[in-house]
Structures are given as structure tokens and as C-alpha cells.
Amino acid sequence: DIKKGEFYEAICVVVTSNGEKEEVELLEMINEQVRKNFRPSTDFAEVHERLTFLDRFREAVGENAPDELVGLSREVNQAYHKAKPQVEQKASAAVSEVLEATAATDLAAMACALSNFKRFEVGLGITEAQQKDVTQAKQEFWRQIKDCCNKVASSIDITNLDVHSLSLSLEPLKGWLDTFQSLSPPKKQALMEEKNLPDLQAWMREVLAEPLRRLLDPSILMNCVDSRRFSDISRRYSASQRLRAVLKTEALDLTVVEQYLLQRKDVGRQALDSANFHQFNSEVKVCKLVSEELVEVPAAFKILADLENDLRERFLNQHLN
């Protein structure tokens, strides 16, 4: 435990012992581990790690060090105060990196800055005011990304769906996602640490969950079918495909349209068998409308062709008979 910077129990044993062998061994171990962290280093990560270790010793000893540790405590304080300005300087630079990344909405820079900032602790390089600045900067950074997600949400509003606008509003999201995929695992973790989600794509899908639900809602799709607004369905399908390419969301399920067309085919054939050409012509017009406005359903072309062939065969049979 001493090697991990946990001194409290060992110091209690030293204070309550009476010069026993165990006390001597603990003092030697404490001295050995603490003095290892006196060595100078040009590696900042190592300097910060050693300063953290020394700070834990200072905290465990307190202001009034036991007689057995007075000399060592004095040396620790000297080494600590000598190294602390270097850490504070680096910590200040780390805070500035977070603020600059926020101002630029630079995801790669933000991930790097947060990964760097994680090495510091409040009270050891970072002040509470700096911690507050970083917290506010992170909130602002995510607000800016969420604003772009909200533009996507506006583009897929089913009352005013705009596929062209959607394509444009997806571009920044795609750029951020591509950047996220290129990050190292530690930087990804630093960026998503407070989001409780595995990655940026999952977070964006969560932000867009409600407008996505409405876009793909089967009941709304059925209403479009019943009112024969097939061009609206085409736009919704196109929008869902664009979203799927970037966010790996579901595409609009057009099965209900295919089932509707099969019903129209059955009704058309029944009308043809009973010589109800008015009804037959009505069903053909519906299938033709689907084939023109909803090219994403190839079945419409086949069903239309089948009905036209049925009509030709009926007249051909009548002529032959």
C-alpha cells in the first residue's frame, strides 16, 4: 500500500510502536518509497505522478509530523514546492487547450485537451476556478454540437421535411464522426466520459431520438398511404437513407406500401373478372401514381405491368373467342 501512496495506516503503526522491529521496517519502507520521488525528471507525466505521491504523504503526515518523520516531512515539503510550479504551469496550459477547442468546436483538439486535462487534480495543479471554467467549456462545446443536431431534427420534421437541407445539416455531424473514429481509445473515453454512452454516434442518435421516431412512425406512414401522398413517403424514405448513412439509424420500412399495392392488384383483377372497368382503371391509376412518385418501391412497376398484361389477355381472349 505504501508503494501506492497510502501512508495513513503505516504512520499510525509508527506512532504507536515502541521502537519495535516492525516500526523500523515501516520507517525504512516509507523513506525508500518517498525518496524515489525526489529524483528530477524532464518527463512531465512522471513529475506529476511523483508530485501526487508526495502530496499524499504530506496529507497523511499533516502539519505536525511525528518525531520519526520530521526530517523526511521537511524534505518532502521542499521537493513538493519546488515541483508544484511546473505542474501548475502545465495545468494552466491544459485549461487553455480546452477553452480554445471549445471556441473552435474542434472535436479532435477537444479530445486531446480533455485527455491531457484528466491528468490533473483540483488542488494539485488545478484550481477550483479553473475546474469550473473547464466544466463550462465542456457544456458549451456539447451545446454547439447539439445545435447542429437540432438543425438535422428541423430538416426531418415531417410537417416540413427538406431532404436538401438535411444533407447540408448532416455534413458537420459526418465530419465530427469521422474525426471521432480516428481518435485513440483514451481520447474517445476522455471525450465521452460524462455522456454515459459508448461513442459519439450513439449520443447523436439519442439527441435525435424523437424526430427519428416520428420520421419512421408506421402509423404516420399508413396515413400517407391512405391519403395517397406517395411523394411524401418518397421524401421520408430518402431522408431516412441519408440519416442511416451517417448515423447508422433504421431506414423507413416500405413493407406497408408493398402490401397496399398487392391489395390494389387483387382488387383490380377482381374488377377485371367482373368487367368493372371503371374500378379496374382506378386501381391501375393508383399503381401508376406509386410508380411515378415512389420509385423506391420496385414492386409498383411489376404490379402495374401485371395489371396491364391481364387487361391485354382479357381483350385478346375475347377477340379469339
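The values are calculated or read from the model by the stated rules, or taken from the named source; none is laboratory data. Every value quoted in this text rests on a predicted model; they were computed, and no experiment measured them. Ideal geometry is used to build each Cβ from the backbone, glycine not excepted, and the neighbour counts take in all protein chains shown. Remember, those area values only see protein heavy atoms, side chains included, never the ligands or the DNA or RNA. Shrake-Rupley method; radii C 1.70, N 1.55, O 1.52, S 1.80 Å.
Summary table
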{"read-out": "At 1.002 mPa s and 20 °C, Stokes D of segment 1-160 from Kirkwood alpha-carbon radius, µm² per second", "value": "115 µm²/s"}
{"read-out": "Peptides 226-234, 109-117 ordered by average Cβ neighbours within 10 Å, highest first", "value": "109-117, 226-234"}
{"read-out": "Surface share of carbon and sulfur [accessible, 1.4 angstrom probe, percent] for segment 233-321", "value": "49 percent"}
{"read-out": "Semi-axis lengths (Å, descending) of the ellipsoid that matches the C-alpha gyration tensor of segment 108-193", "value": "33, 15, 7"}
{"read-out": "Probe 1.4 Å, all protein chains present, accessible-area order of Ser274, Ser73, Ser165, largest first", "value": "Ser274, Ser165, Ser73"}
{"read-out": "Stokes-Einstein D for segment 71-149, Kirkwood Rh over Cα pairs, 10 °C, 1.306 mPa s (µm²/s)", "value": "116 µm²/s"}
{"read-out": "Square roots of 5 times each gyration tensor eigenvalue, C-alpha, segment 15-87, largest first, Å", "value": "25, 13, 9"}
{"read-out": "With all protein chains modelled, accessible area of Asp147 [1.4 Å, Å²]", "value": "60 Å²"}
{"read-out": "Selected from Gln259, Leu197, Ala245, residue furthest toward positive end of dipole (the chain; charges at beta carbon)", "value": "Gln259"}
{"read-out": "In sequence order, calculated HN-Hα J values of segment 277-284 (Karplus, 6.51, -1.76, 1.60; Hz; x Gly/Pro)", "value": "6, 5, 5, 4, 5, 5, 5, 4"}
{"read-out": "Hits among lysines - C-alpha to C-alpha of Lys187 under 16 Å, sequence gap 8 or more where chains match", "value": "Lys118, Lys138, Lys195"}
{"read-out": "Alpha carbon convex hull of segment 235-321, volume per residue in cubic angstrom", "value": "77 Å³"}
{"read-out": "Heavy-atom accessible area per residue - the chain, 1.4 Å, Å²", "value": "56 Å²"}
{"read-out": "Options Ala305, Ile233, Ser92, ranked by Cα towards positive dipole end of the chain, top entry (Cβ charges)", "value": "Ala305"}
{"read-out": "Hydrodynamic radius by Kirkwood, which averages 1/r over all alpha carbon pairs of segment 167-321, in angstrom", "value": "18.6 Å"}
{"read-out": "Solvent-accessible surface ranking, highest first, for Lys146, Lys82, Lys151 at 1.4 angstrom", "value": "Lys82, Lys151, Lys146"}
{"read-out": "Rounded to whole Å, sorted largest first: equivalent-ellipsoid semi-axes of the chain, Cα gyration tensor", "value": "75, 20, 14"}
{"read-out": "Inter-site label distance for Asp226 and Asn281 at 7 Å from Cα along Cβ, in nm", "value": "2.8 nm"}
{"read-out": "Whole-percent carbon and sulfur share, accessible surface of segment 135-227, 1.4 Å", "value": "49 percent"}
{"read-out": "Share of pairwise Cα separations in segment 157-218, more than 17 Å, in percent", "value": "51 percent"}
{"read-out": "Over segment 98-141 - Rg/Rh using Cα atoms and the Kirkwood inverse-distance radius", "value": "0.97"}
{"read-out": "Carbon + sulfur, % of accessible area of segment 41-96 - ligands and nucleic acids excluded, 1.4 Å", "value": "41 percent"}
